[in-house]
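**Q** Sharing a structure here in structure tokens format.
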Amino acid sequence: MQPLIYMNNAATSWPKPGCVADAVSEALCAPPGSANRGGVEEFDVFEETRKSLAQLMKGQHYNHIALGANSTWGLNLAIQGFPLKAGDTVVATAAEHNSVLRPLYKLNRERHIKIIWVPVDAGGQVCPEFWEKACHTYKPSLCVLTHASNVTGAVNDICLLTHIAQQIDAAVLIDASQTLGMVPVQLDDWNIDMLAFTGHKYLLGPQGTGGLYVRPGLQLEPLLCGGTGIQSDRKEMPPEMPIHLEAGTGNEPAYYGLLAALRWSEENPADINRIEWLTEYLKQGLADAGATVIAPQEKCTPVVSFVIEGKSAAEIGYILTESYDIVCRSGLHCAPRIFTDLGCDSTVRLSLSRFTTEEEIKAVIQAVSSIMR
């Protein structure tokens with residue numbers, strides 16, 4: 001059998017550093033620790049994870065990072081918990097994931113919130129001029145923006161686009177699911193209001209980890225209400241962050257894994273130049289083979305989407321997986337609105353990680369060349 005080539009890191013990264021599985025296993029075997037619930041240890045893995053995340057994101061308010069199951073949890077918490085009322089407007093982009101689209105559609109149905117969609121260019125990037133026009137024309141209460149497209153890898157200028165939105169006093173929610181751990185994030189310098197992230201992609205942590213940063217002074221309505229381990233006599237959720245947004249028992253073993261991944265990455269920083277070179281090598285190789293690569297002109301994450309004329313994305317993805325043991329993804333990638341602007345109905349997506357090798361890239365290019373023939 002030929003070795004498995006994993007090219008679906010934009011969905012979930014693999015492999016993980018060995019210390020991640022070790023940390024999860026040790027946490028499952030040990031007595032539960034303390035998270036306001038009378039554990040046998042003084043060490044609070046959630047607190048330590050918040051501190052590591054704040055350091056990574058260049059933010060000083062680590063206790064304003066609420067931890068939950070994934071970025072979908074964080075995005076729903078931000079969108080549904082933000083104080084929007086009937087008739088308010090939200091500006092979002094065509095590149096958004098269903099974790100943004102579906103909560104917004106829900107608000108449109110239930111609260112009659114108006115949604116304005118800002119188009120992206122043929123590479124999936126938001127045009128600042130279109131963004132500025134939408135903000136100044138519609139005066140939204142909330143703007144939602146993906147840091148990078150999960151379809152094309154296009155990275156948006158968050159500092160600029162946030163500044164534009166805040167000129168008209170709109171709060172900004174950033175979806176950093178595709179960037180945190182691969183592309184720099186700067187909470188304080190970018191004056192971020194809210195930022196959702198996940199732990200199982202480029203942070204190299206386990207599934208079931210992720211969360212939401214909320215700047216000091218911004219109060220959200222909790223999505224869930226329940227136990228917090230402290231202030232149990234209150235009839236409502238405690239007002240202090242992060243427990244204001246963290247009801248119930250957290251996934252302690254998974255967060256031991258995420259903390260191990262964060263510390264491992266601090267000691268073993270990714271070779272970004274190498275990853276960028278491999279990404280461009282893959283794009284060029286696919287283009288030389290005759291595929292049409294859907295790619296941004298500027299900075300991007302290690303995500304490469306392509307199409308082959310005369311073949312459906314589903315067919316190509318099936319052949320790559322079944323015949324060549326190349327794990328990829330085909331279809332809409334949970335971001336259906338972007339494809340009108342990209343000029344295609346679906347793509348095959350290949351996404352690299354820090355562990356992807358040149359030999360694997362060559363094998364992928366050879367496989368696509370064979371499909372073309």
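**Q** Whose amide H sits under 5 Å from the amide H of T146, counting only residues 5 or more places off or on another chain, with H placed in the peptide plane?
**A** T93, D175
**Q** Calculate what fraction, in whole %, of the accessible area of the range 18-267 sits on carbon and sulfur atoms when a 1.4 Å probe is rolled over the protein chains.
**A** That share works out to 51 percent.
**Q** Based on DSSP H runs of at least 4 residues, each adding -39500 (n - 2.57), what is the mean residue ellipticity at 222 nm of the chain after dividing by all its residues, to the nearest 500 deg cm²/dmol?
**A** -11500 deg cm²/dmol
**Q** Can you classify the chain as rounded, prolate or oblate using the Cα gyration tensor, where a ≥ b ≥ c are the square roots of its eigenvalues, rounded means a/c under 1.5, and otherwise it's prolate if a/b beats b/c and oblate if not?
**A** oblate
**Q** Here's something else I'd like to know. Could you give the size of the charge dipole of the chain about its Cα centre, using +1 on the Cβ of each K and R and -1 on the Cβ of each D and E, expressed in debye and rounded to the nearest 20?
**A** Charge dipole, the chain, about its Cα centre: 840 debye, nearest 20.
**Q** Once you put a point 7 Å from the Cα of L4 and another 7 Å from the Cα of E47, both along the Cβ direction, what distance in nm separates them?
**A** The answer from the label model is 3.8 nm.
**Q** Also, I was wondering about something else. Using the Cα gyration tensor of the range 94-228, with a ≥ b ≥ c the square roots of its eigenvalues, what is the shape: rounded (a/c below 1.5), prolate (a/b larger than b/c) or oblate (neither)?
**A** Since a/c stays below 1.5, the shape of the range 94-228 is classed as rounded.
**Q** In addition: Return the sequence-ordered ³J(HN,Hα) values of the range 243-258 in whole Hz as given by the Karplus equation 6.51 cos²θ - 1.76 cosθ + 1.60 applied to θ = phi - 60°, using x for Gly and Pro.
**A** My calculation for the range 243-258 gives 5, 4, 10, 10, 8, x, 7, x, 7, 4, x, 5, 6, 4, x, 5 Hz in order.
**Q** Which of the peptides 335-343, 298-306 is most tightly packed, and how do the rest follow, going by the mean number of other Cβ atoms within 10 Å of each residue?
**A** With the highest mean Cβ count within 10 Å placed first, the list reads 298-306, 335-343.
**Q** Moving on to the next point. How would you classify the range 1-93 from its alpha-carbon gyration tensor, with a ≥ b ≥ c the square roots of the eigenvalues: rounded for a/c under 1.5, else prolate if a/b is greater than b/c, otherwise oblate?
**A** oblate
**Q** While we're looking at this one, here's another question. Restricting the count to DSSP beta bridges whose residues both fall in the range 170-237, what percent are antiparallel, rounded to a multiple of 5?
**A** Restricted to the range 170-237, the bridges split so that about 60 percent are antiparallel.
**Q** Of the DSSP beta bridges with both residues in the chain, give the percent that are antiparallel, rounding to the nearest 5.
**A** 55 percent
**Q** Moving on to the next point. Exceeding 31 Å between C-alpha atoms, which entries from my cross-link table qualify? They are K114/K311; K16/K235; K201/K311; K58/K299; K201/K283.
**A** The pairs that break the limit, which is 31 Å between Cα atoms, are K114/K311; K16/K235.
**Q** Continuing with the same structure: Enumerate the calculated ³J(HN,Hα) couplings along the range 152-167 in order (Karplus 6.51 cos²θ - 1.76 cosθ + 1.60, θ = phi - 60°), each rounded to whole Hz, writing x wherever the residue is Gly or Pro.
**A** Values, residue by residue: 10, x, 4, 9, 8, 7, 5, 4, 5, 5, 5, 4, 4, 5, 6, 5 Hz.
**Q** So, R0 is 25 Å and r is the distance between the beta-carbons of D345 and C159; what FRET efficiency does that work out to, to 0.05?
**A** Calculated value: 0.15.
**Q** Something else now. For I294, list long-range residues whose amide hydrogen, built 1.01 Å from N in the peptide plane, is under 5 Å from its own amide hydrogen.
**A** S305, F306, V307
**Q** If each residue of separation counts as 0.36 nm, what is the full-extension length gain between M372 and L224 once their alpha-carbon separation is subtracted?
**A** Here the answer is 48.3 nm.
**Q** Show me the ranking of peptides 164-176, 268-280 by mean Cβ neighbours inside 10 Å, starting with the highest.
**A** 164-176, 268-280
**Q** So which aspartates and glutamates can K51 reach, going by Cα to Cα under 19 Å and dropping same-chain residues fewer than 8 places off?
**A** The reachable aspartates and glutamates, counting only those whose Cα sits under 19 Å from K51, are E41, E42, D188, D189, D193, E240, E246, E252, E266, E267.
**Q** Something else: Listed highest first by mean packing, meaning other Cβ atoms within 10 Å per residue, what order do 348-360, 216-228 come in?
**A** 348-360, 216-228
**Q** Continuing with this model, one more query. Taking the Cα centre as origin and putting +1 on Lys and Arg beta-carbons and -1 on Asp and Glu beta-carbons, what dipole magnitude results for the range 221-320, to the nearest 20 debye?
**A** 160 debye
**Q** How far is the Cα center of the range 207-264 from the Cα center of the range 87-143, in Å?
**A** What the calculation gives is 27 Å, centre to centre.
The values are calculated or read from the model by the stated rules, or taken from the named source; none is laboratory data. All values reported here derive from a predicted model rather than from experimental measurement. Cβ coordinates were reconstructed from backbone atoms using ideal geometry, including for glycine residues, and neighbour counts include every protein chain displayed. Note: areas computed on protein heavy atoms with side chains; ligands, DNA, RNA excluded. Shrake-Rupley method; radii C 1.70, N 1.55, O 1.52, S 1.80 Å.
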